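Student: Shown below is the structure under consideration.
The values are calculated or read from the model by the stated rules, or taken from the named source; none is laboratory data. It should be emphasised that the depicted structure is a prediction, and the values quoted were computed from it without experimental measurement. Using ideal geometry, Cβ is built from the backbone for each residue, glycine included, and neighbour counts are taken over all protein chains shown.
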Ligand SMILES: Cc1ncc(COP(=O)(O)O)c(C=O)c1O
């Protein structure tokens, strides 16, 4: 078993999570307090040992590894030309806005959602339309009627987070198919951010249904965004990729890059290859550890703050805690006053909610919950 229990000192390492507000105990931004798989570290080391760090391109064994990953994990056979390498996934969201929208056109998404989804429209002088997810029998899903009411003829893109950040939902085949059918009806690009798909906590129960698993006709209007960064804790290296089956969509997407993106980091390519090629045993250990933390967090909050709402967390290491029904007016300010740094729900479109990152040592999580519960629940 991989050791995820030993605390790792991260302060003073230039860590966004730990060094941004060093006076607080951080459980906010989505990176984990774990060392990456040894094979990833070894791949980085051996690339560093070469000592020459000129401009890079994706090397053949990385492309083959991505193709095997897509085949084995998603069941999709991707020709090399469908894969677009990127230095991060957020720039891809922005590229899509610029490629498919013009000033005044609309981007549609559902909230609460990962904050950049609520900002990329600015990059293309577009406008944002949002619809809240709805609770249907304990599961957060799409409000189909509200989507129909909201969409306009000048809406160009639907941005999807699947698995969903921050609510941890893994959308099922029928939901993704209905969403893609909605996109077809209204002539929208389906921009499917699947960065969390290797962090599904119980894959037997909630398998991943990728936009790449749609019928050929529906898949033809999709851009699927993937990365090893969340799963293997290498977000700081900057690597992601898009799979875009339709030629003309792919050409428009890549053309929108212009001169705005830097070359991709020559070390990140090798880390990504090692993660997908050798990381599976480590990933399984990680999922087991995260399940324990998820169960601890949900049972503690449900027991100690009965008025707070925590969804069934099917994926990710992020817990969305809805404090709307509690007395507390401003939960994020209260937890900060108590010394905790969590993500503010307002940035996800829902104030009076907070997001807690449980990708950390179980003992540390317990102690954070001991601080959180009395402050928020009182
Ligand atoms: C849904 C989602 N997309 C994208 C990202 C970030 O991707 P990148 O660091 O590659 O820009 C995150 C990070 O938390 C995320 O949760």
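Student: Does residue 346 qualify as being touching a strand residue (DSSP E or B) at 6+ places or on another chain (Cβ under 9 Å), surrounded by fewer than 16 Cβ atoms within 10 Å (Cβ to Cβ), outside any loop (DSSP other than H, G, I, E, B) and free of Cβ contacts under 8 Å to residues at least 60 places away in the same chain?
Tutor: yes
Student: Show me the strands (runs of 3 or more DSSP E) found entirely inside the range 129-248 where at least 1 residues are touching a strand residue (DSSP E or B) at 6+ places or on another chain (Cβ under 7 Å) and touching a residue at least 24 places away in the same chain (Cβ under 8 Å). Show your work before the answer.
Tutor: Numbers: elements: 134-136, 139-141, 155-161, 189-193, 222-226, 240-243.
Answer list for the range 129-248: 139-141, 155-161, 189-193, 222-226, 240-243.
Student: Residues 220, 187, 247: which one is over 21 Å from the mean Cα position of the chain (by Cα), at positive phi, modelled with pLDDT of 95 or more and not assigned by TED's automatic domain parsing to the domain that holds residue 291?
Tutor: Checking each option against the conditions leaves just 187.
Student: Before we move on, is residue 260 assigned by TED's automatic domain parsing to the domain that holds residue 211, modelled with pLDDT of 95 or more and under 30 Å from residue 100 (Cα atoms)? Step through it out loud before you land on a result.
Tutor: Values: assigned by TED's automatic domain parsing to the domain that holds residue 211: yes; modelled with pLDDT of 95 or more: no; under 30 Å from residue 100 (Cα atoms): yes.
Against the criterion (assigned by TED's automatic domain parsing to the domain that holds residue 211, modelled with pLDDT of 95 or more and under 30 Å from residue 100 (Cα atoms)), residue 260 does not qualify.
Student: Determine which single condition residue 355 fails, assuming it passes every other condition in (1) crowded, with 17+ Cβ neighbours inside 10 Å; (2) over 20 Å from the mean Cα position of the chain (by Cα).
Tutor: (2)
Student: Further question: For the range 22-50, which positions are part of a loop (DSSP other than H, G, I, E, B), crowded, with 18+ Cβ neighbours inside 10 Å and within 16 Å of the ligand (Cβ to nearest atom)? Before the answer, list the steps.
Tutor: First pass over the range 22-50, keeping only residues part of a loop (DSSP other than H, G, I, E, B): 22-24, 27-37.
From what's left, crowded, with 18+ Cβ neighbours inside 10 Å: 27-28, 30-34, 36-37.
Residues satisfying the conditions are 27, 28, 30, 31, 32, 33, 34, 36.
Student: What are the residues in the range 70-94 that are within 14 Å of residue 195 (Cα to Cα) and away from the ligand (no atom under 16 Å from the Cβ), if any?
Tutor: 70, 73, 74
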